[in-house]
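One structure is given here, and the rest of the page talks about it.
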Amino acid sequence: MPTVLHFEDDKLLQVVIADLLEDVGMTAISGELDRRGAARQVHNLDYDLVLTDMQMPNFDGVDVLEWVRRQRPGTPVVALTGASPNQLMRIGCDPAQFASLLFKPADLEVLLNVIDHLLSGGPSAGADAIPDSPRFSSGAGWRG
């Protein structure tokens with residue numbers, strides 16, 4: 001059973017994500033929201049994929065990506081954000097560094113397809129990696 005470590009500061013969305021993952025047979029670990037606790041989880045826990053919000057009060061998705069790359073190179077990190085592409089650039093986010101980046105409100109079916117694809121060893125490069133599920137997706141149709 002795959003395990004997903006997820007970081008989300010919106011408590012309702014945190015519960016929705018955990019329930020969604022568990023409903024499809026995955027183990028969901030809700031990440032701590034303080035910087036030190038989150039970094040410790042990335043270092044110590046066993047997980048197959050990380051799902052992270054991009055903007056949180058004590059750290060951001062770029063921090064999570066860097067921690068995962070140091071501790072678990074090759075582990076896919078999927079970003080979920082309500083920020084605009086311009087806001088992401090201002091916080092130093094290069095969307096191409098993530099296995100996938102989805103914009104809120106994300107289509108939950110697309111989110112599950114992306115996670116399933118990455119956990120099954122599918123490529124994370126390019127918008128064509130997942131048919132009908134773009135690597136960078138939003139209602140506005142922005143693509144990386």
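The values are calculated or read from the model by the stated rules, or taken from the named source; none is laboratory data. Being a predicted model, the structure only gives us computed values, none of them experimental. No Cβ is skipped: glycine too gets one built from the backbone with ideal geometry, and neighbour counts run over all protein chains shown.
When S124 is tested against the conditions (1) over 13 Å from the mean Cα position of the chain (by Cα); (2) in a loop (DSSP other than H, G, I, E, B); (3) modelled with pLDDT under 85, the lone failure is (1). Please go through the stretch 45-100 and give me each residue that is over 16 Å from V4 (Cβ atoms) and within 11 Å of the chain's Cα centre (by Cα), ordered by number. Passing the criteria: M54, V62, T81.
Which of the residues spanning the stretch 92-104 are more than 20 Å from H43 (Cβ to Cβ), aliphatic (A, V, I, L, M) and surrounded by 13 or more Cβ atoms within 10 Å (Cβ to Cβ)? Talk me through it step by step, then tell me what you get.
Here is the first cut: in the stretch 92-104, the ones more than 20 Å from H43 (Cβ to Cβ) are 92-96, 100-104.
Applying the additional criterion that residues be aliphatic (A, V, I, L, M) yields 96, 101-102.
L101, L102, listed by residue number.
Within the group V4, V42, V78, which residue is buried (at least 20 other Cβ atoms within 10 Å of the Cβ), under 21 Å from V114 (Cβ atoms) and in contact with a Ser or Thr (Cβ under 6 Å, 6 or more places away or on another chain)? Spell out the reasoning first.
Working: V4 fails: in contact with a Ser or Thr (Cβ under 6 Å, 6 or more places away or on another chain); V42 fails: in contact with a Ser or Thr (Cβ under 6 Å, 6 or more places away or on another chain).
The unique qualifying residue is V78.
Just checking, how many residues over the stretch 56-75 are assigned to a helix (DSSP H, G or I), of a type in the set (V, I, T) and modelled with pLDDT of 95 or more? Even if it seems obvious, please write down each step before you answer.
Kept after step one, since they are assigned to a helix (DSSP H, G or I), are these residues of the stretch 56-75: 61-71.
Filter once more, so that each one left must be of a type in the set (V, I, T): 62, 64, 68.
In the following step, the residues that additionally are modelled with pLDDT of 95 or more were identified as 64, 68.
Number of matching residues: 2.
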